[in-house]
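Take a look at the structure set out below.
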Amino acid sequence: MPDLETDAVEADTDVTIFVCTNCRAEGDASVRPGVPLIEALRVAASGKPLKVKPVSCLANCEKGPSAAFNHRSGWSYVFAHLSLEKVDDIVAGAMMLVEDERGFLPLRGRPSCLRGKGMTARIPPFHHHEDMPQ
């Protein structure tokens, strides 16, 4: 049966943060740091046009915990080496993606945990087109 309340919230959400629930803590394989990260992100994102969802694997295991930002009609991004201490930065970065009219996460002003070695990949939207270089 459809969840009309959840469907309505998701219809108003341009950016979803997916957090890996399978990444293991270094030194203790029984700890899955993505699980408390999801809960902290949900609290920090409350009242913002963001959705936070678990995902079983982002195939970024050696760089966990990992998360992905998915813009409904824009770019998607995969980030690594995240932590509870970076929750506010993660939400700030996701809001930058929400606020960009192109659905692109600008590098300027992006929190440091979402740059350099913290960023694993960016994926263009389905409708993206570029000409071949000359």
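Things worth noting here:
- Rounded Å value of the spacing that divides the Cα centres of the stretch 37-58 and the stretch 88-123: 15
- For the stretch 4-123, the number of Lys pairs separated by eight or more positions or lying on different chains, with C-alpha atoms closer than 23 Å, is 8.
- Anisotropy class of the chain from Cα gyration tensor, a/c 1.5 cut: oblate
- Fully extending the segment from Glu26 to Arg42 would add 3.4 nm, taking 0.36 nm per residue of separation and subtracting the current Cα-Cα distance.
- Dipole size of the chain about its Cα centre, with +1 on Lys/Arg Cβ and -1 on Asp/Glu Cβ: approximately 440 debye, rounded to the nearest 20.
- Among Phe104, Phe69, Phe126, Phe18, the order by Cβ neighbours within 10 angstrom, fewest to most, reads Phe126, Phe104, Phe18, Phe69.
All of the numbers you see were taken from the coordinates with simple rules; none came from a lab. The structure presented is a predicted model; accordingly, all values stated were derived computationally and were not measured. As a convention, Cβ positions derive from the backbone with ideal geometry for all residues, glycine included, and neighbour counts pool all protein chains shown.
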